[in-house]
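Chemist: Sharing a structure with you now.
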Amino acid sequence: MADIIRKNTAPRATIADVARHAGVSKATVSRFLNHRDTLLSPEISDRVAAAVEALSYTPSPMAQALKRGRSRLVGLVVADITNPYSVAVLSGAEQACRQAGFLMMLFNLGNDRERESVGLRILSSYQVEGFILNTMGLEQEAVVTQALQGRPVVLVDRLRQGMDVDFVSLDNQQAIGMCIRHLQQAGYGEFLLVTEPLDGISSRMERVAAFEALQGPVSGQWLEARPDDHAGLVDALRALRRRARHTPALIAGNAVVTMRIVAAVAELGWQLGRDIGLVGIDDTLWAPYVGPGISAVAQPTDALGNLAAQCLIERMAGLDAPARAIRLPGSLVVRGSTRLG
């Protein structure tokens, strides 16, 4: 058993070990490994091959990539990996990268606005060739620019002031307009858009702006719901019911807010659909199973992640063109939470 343990924990063989075992130079081993053995005599090639086999030597993919000037690594930085949106976008981006021969490295900010430049510097140390960013976007432009070190960047969902780069996102105006029209047609009256704190985050601000612009004849307000203020959200829903002339409805800014609203409605003893309507941005795996089912705008997350990766791969390949802004429409999934009855 001791022999097995020593064997399994032995240090990995290096190119220098192969050279010593074969009695040749490291340059000779390198020629052999890079399939330039035509420069070597058959006898030398056989000796190096025997040494590689005897030592179970495998070249480091990272070392080989860096020697060629390419790491084939893409860095993805997300604000919050617990958000279902982030996971879904990650899946689409990773699929596109894998098909193009790239590997993805993930850094999660955990909604800590001060970790963005840290994450960029860490990924840069691994020689990533480009970045896909879904971040808080609040650190100083100069700090972020320095951490990026001139590498190509694509932004997902959240714009950054001062960065003239490709951007892919849900069409927030289309999504909010679709929610309002659906709730009007379903017979609901006054609306309340509930969003996470805006904090200068472009996607949240766009949804609020669209809500204010597209209400039409129906009155409504919007609310920034802090994650630590459940009681404040409950009070806001109670006040909405008191002042509404017709059954009111809620629009949740994302899946995180949807769950907070569901908890508040349950505490109030209301039934979704009958006592208050609810439609959320982001469809999730659990949405059909909560109460009567939560109506939601499904974001094309796979397509967004895929597009972000494709845009980045084009930039890494040398594409020199004006920055692109791509906004994809969402699709409405109607369930019981917006059916009056």
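The values are calculated or read from the model by the stated rules, or taken from the named source; none is laboratory data. Note that this is a predicted model, so its numbers are computed, not measured. Note that each Cβ is placed from the backbone with ideal geometry, even for glycine, and that neighbours are counted across all protein chains shown.
Chemist: Give the number of residues within the stretch 18-44 that are in a helix (DSSP H, G or I), surrounded by 16 or more Cβ atoms within 10 Å (Cβ to Cβ) and modelled with pLDDT of 85 or more.
Modeler: Number of matching residues: 6.
Chemist: Might you check whether a residue that is at pLDDT 85 or above and touching an Asp or Glu at 6+ places or on another chain (Cβ under 8 Å) occurs anywhere in the stretch 112-128?
Modeler: For the stretch 112-128, residues at pLDDT 85 or above and touching an Asp or Glu at 6+ places or on another chain (Cβ under 8 Å): absent.
Chemist: Next question. Tell me whether the stretch 212-219 contains one or more residues that are buried (at least 19 other Cβ atoms within 10 Å of the Cβ) and modelled with pLDDT under 95. Outline the logic, then answer.
Modeler: Filtering the stretch 212-219 down to residues buried (at least 19 other Cβ atoms within 10 Å of the Cβ) leaves none.
No, the stretch 212-219 contains no residue that is buried (at least 19 other Cβ atoms within 10 Å of the Cβ) and modelled with pLDDT under 95.
Chemist: Scan the stretch 161-189 and report the pairs whose first residue is within 22 Å of residue 243 (Cα to Cα) and whose second residue is in a helix (DSSP H, G or I), with Cβ atoms within less than 6 Å and a gap of 6+ or a chain change.
Modeler: That search, which allows pairs on different chains as well, returns 180/214; 186/338.
Chemist: If you don't mind, there's one more thing I want to ask. Among the residues of the stretch 253-265, are any of a type in the set (A, V, I, L, M), part of a helix (DSSP H, G or I) and touching a Pro at 6+ places or on another chain (Cβ under 6 Å)? First the steps, then the outcome.
Modeler: In the first step, residues of the stretch 253-265 are kept if they are of a type in the set (A, V, I, L, M); the result is 255-257, 259, 261-265.
Keeping just the survivors that are part of a helix (DSSP H, G or I) gives 255-257, 259, 261-265.
If we keep only those that are touching a Pro at 6+ places or on another chain (Cβ under 6 Å) as well, we get 255.
Yes, there is a match, as at least one residue in the stretch 253-265 is of a type in the set (A, V, I, L, M), part of a helix (DSSP H, G or I) and touching a Pro at 6+ places or on another chain (Cβ under 6 Å).
Chemist: So residue 51 passes all but one of these: (1) surrounded by 21 or more Cβ atoms within 10 Å (Cβ to Cβ); (2) in contact with a Leu (Cβ under 9 Å, 6 or more places away or on another chain); (3) modelled with pLDDT of 85 or more. Which condition number does it fail?
Modeler: (2)
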